[in-house]
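Novice: Below is one structure. I have some questions about it.
The values are calculated or read from the model by the stated rules, or taken from the named source; none is laboratory data. As the structure is a computational prediction, the values presented were derived from the model and not from experiment. FYI the Cβ positions are ideal-geometry reconstructions off the backbone, even for glycines, and counts take in every protein chain you see.
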Amino acid sequence: MERQPALVYDPVFLEHATGGHPESSERLQAILRLLQERGEYSRLRQLTPRAATLEELMAVHGTDHILRVERVAACGGGWLDGDTVVSPGSYRAAVVAAGAGITGVHAVLGGQAASALCLVRPPGHHARPGRGMGFCLFNNVAIAARYAQARHGLKRILIVDFDAHHGNGTQEAFYRDPGVLYFSTHQFPYYPGTGDADEIGEGEGEGLTINMPFGAGASEDEVLEVYRGALVTAARRFKPQLILVSAGYDAHWADPLTSLGMSVAGFGQLVAILRSLAVELCGGRIVLTLEGGYNLEALSYGVLATLHSLCGAESWEDPLGPEPRRAWGHVHGGSGDAGERWM
């Protein structure tokens, strides 16, 4: 096993209080509890994130959206849409979540860490330049990418998104940007309704958005084949200087909101592919930021497998095992709204 990656975390993320919402503070608590039980937490290099500045938020988001989130939080909380809740502590949590990716990028590019995993909430990849949606307030990974471009002068950044929901906000932010290759695997058609294979970018960014949509019931082997083939080919052609990852664990077969077939060991294999590409192409520089994942056991063990893969592991603890055989005719899927399964 190689030296441990940096873990970027702050207890402020627990102050994004969402009640009975599936994106709750229990997600991070479950992850931290497992890391502590396994003795991983004390071995990791722990980094405390700083808050993103207004200028850094504005590199992705309009001021109207930023001020709306701040105002709703200051007024006691509310809803941005039917899925996306804001509590009194949400603005501060979201600003620090955006800063966590920046902290991880700064550490990795500066040589203070070989890699970094940002355990944040609220998640970010659905947040569009002008609005929050899909449980997301600010787009954490997009803000980190803009920081890497502006402050470190990077010309080629690969963003990989393995959340089961398409990262429409991230895609929108870089759809015309020749400096960012966005690669996503996700369930389709499904919330948020974007991510078809014909969405490939526009203008100077044409060809630099790669969507790999899967229907409900897609197997782990199908998903991993795309990473071993299409992603590796595209990444080698693009030659990124940094890899950023929207790490969502809701593609697990036991997740209550989605219908894909990944396992914990499958996430370990997927991250091992990403790490190998980072070592080959950009000096191992890779930063992952937490997105979705709503089965607490699958989520926490998925994060543990991710950390082990970042250290070079080739086997992973997987208490849930591979996807059991089941009939897909009655399993949720299609183009439903993210909130239909819990509201």
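Novice: What helices (runs of 4 or more DSSP H) lie completely within the range 194-304 and have 1 or more residues being touching an Asp or Glu at 6+ places or on another chain (Cβ under 7 Å)?
Specialist: Once the helices (runs of 4 or more DSSP H) in the range 194-304 are filtered for at least 1 residues that are touching an Asp or Glu at 6+ places or on another chain (Cβ under 7 Å), what remains is 220-226, 264-282.
Listed here are the residues, each with its yes/no results for (1) more than 29 Å from G284 (Cβ to Cβ); (2) touching a Gly at 6+ places or on another chain (Cβ under 8 Å); (3) hydrophobic (A, V, I, L, M, F, W, C).
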residue	(1), (2), (3)
V86	yes, yes, yes
S90	yes, yes, no
I102	no, no, yes
V105	no, no, yes
A116	no, yes, yes
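Novice: Residues of the range 1-36 being within 21 Å of V141 (Cβ to Cβ) and modelled with pLDDT under 95, which ones?
Specialist: Answer for the range 1-36, where residues must be within 21 Å of V141 (Cβ to Cβ) and modelled with pLDDT under 95: just P5.
Novice: Cβ-Cβ under 7 Å, sequence separation 6+ or interchain: first residue in the range 285-303 and on the phi > 0 side of the Ramachandran plot, partner among the acidic types (D, E) and modelled with pLDDT of 95 or more. Which pairs?
Specialist: Cβ pairs passing all conditions: G293/D250; G293/D255.
Condition check ((1) under 20 Å from L158 (Cα atoms); (2) of a type in the set (G, A, S); (3) within 17 Å of the chain's Cα centre (by Cα); (4) not in a helix (DSSP H, G or I)) across all residues:
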position	(1), (2), (3), (4)
A93	no, yes, yes, no
V96	no, no, yes, no
V105	yes, no, yes, no
Q112	no, no, no, yes
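Novice: List, please: which pairs have Cβ atoms under 7 Å, are six or more places apart or on different chains, and start with a residue in the range 1-14 that is over 14 Å from L44 (Cβ atoms) and part of a helix (DSSP H, G or I) and end with one that is modelled with pLDDT of 95 or more and polar (S, T, N, Q)?
Specialist: Note: pairs meeting the criteria are L14/S25.
Novice: Being more than 23 Å from G124 (Cα to Cα) and among the aromatic types (F, W, Y) narrows it down to one residue among F183, F214, F267, F238; which is it? Spell out the reasoning first.
Specialist: Details: F183 fails: more than 23 Å from G124 (Cα to Cα); F214 fails: more than 23 Å from G124 (Cα to Cα); F267 fails: more than 23 Å from G124 (Cα to Cα).
Result of the check over F183, F214, F267, F238: F238.
Novice: A follow-up question, please. Residue by residue through the range 202-245, note down the ones that are in contact with a Pro (Cβ under 8 Å, 6 or more places away or on another chain) and among the small types (G, A, S).
Specialist: G205
Residue-wise test of (1) surrounded by fewer than 24 Cβ atoms within 10 Å (Cβ to Cβ); (2) modelled with pLDDT of 95 or more; (3) in contact with a strand residue (DSSP E or B) (Cβ under 6 Å, 6 or more places away or on another chain); (4) of a type outside the set (F, W, Y).
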residue: F135; (1), (2), (3), (4): no, yes, no, no
residue: N140; (1), (2), (3), (4): no, yes, yes, yes
residue: I143; (1), (2), (3), (4): no, yes, no, yes
residue: F162; (1), (2), (3), (4): no, yes, yes, no
residue: G179; (1), (2), (3), (4): yes, yes, no, yes
residue: Y190; (1), (2), (3), (4): no, yes, no, no
residue: T194; (1), (2), (3), (4): yes, yes, no, yes
residue: I200; (1), (2), (3), (4): yes, yes, yes, yes
residue: G207; (1), (2), (3), (4): yes, yes, no, yes
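Novice: Here is a further query. Do you know which of the residues in the range 273-326 that are surrounded by fewer than 24 Cβ atoms within 10 Å (Cβ to Cβ) and among the β-branched types (V, I, T) is nearest to A30 (Cα to Cα)?
Specialist: Here the answer is I273.
Novice: Of the residues in the range 177-186, how many are over 19 Å from Q241 (Cα atoms) and more than 15 Å from the chain's Cα centre (by Cα)? Write out each step before concluding.
Specialist: First, the residues of the range 177-186 that are over 19 Å from Q241 (Cα atoms): 185-186.
With more than 15 Å from the chain's Cα centre (by Cα) added as a condition, the list becomes none.
Here the count works out to 0.
Novice: Pick from L119, L109: which is surrounded by fewer than 24 Cβ atoms within 10 Å (Cβ to Cβ), in contact with a Phe, Trp or Tyr (Cβ under 9 Å, 6 or more places away or on another chain), farther than 17 Å from T170 by Cβ and in contact (Cβ under 8 Å) with a residue 24 or more places away in the chain?
Specialist: Working: L109 fails: in contact with a Phe, Trp or Tyr (Cβ under 9 Å, 6 or more places away or on another chain).
Just one listed residue meets the conditions, L119.
Novice: For the range 217-258, which positions are of a type in the set (S, T, Y) and over 29 Å from H152 (Cβ atoms)?
Specialist: Filtering the range 217-258 down to residues of a type in the set (S, T, Y) leaves 219, 227, 233, 246, 249, 258.
Of everything in the range 217-258, those that are of a type in the set (S, T, Y) and over 29 Å from H152 (Cβ atoms) turn out to be S219, T258.
Novice: Looking at the range 37-62 only, could you name the residues that are in a helix (DSSP H, G or I), touching a helix residue (DSSP H, G or I) at 6+ places or on another chain (Cβ under 8 Å) and at pLDDT 95 or above?
Specialist: L54, E56, L57, M58
Novice: Given H125, H152, H61, which one is touching a residue at least 24 places away in the same chain (Cβ under 8 Å), touching a Pro at 6+ places or on another chain (Cβ under 9 Å) and not small (G, A, S)?
Specialist: Numbers: H125 fails: touching a Pro at 6+ places or on another chain (Cβ under 9 Å); H152 fails: touching a Pro at 6+ places or on another chain (Cβ under 9 Å).
Only one candidate qualifies: H61.
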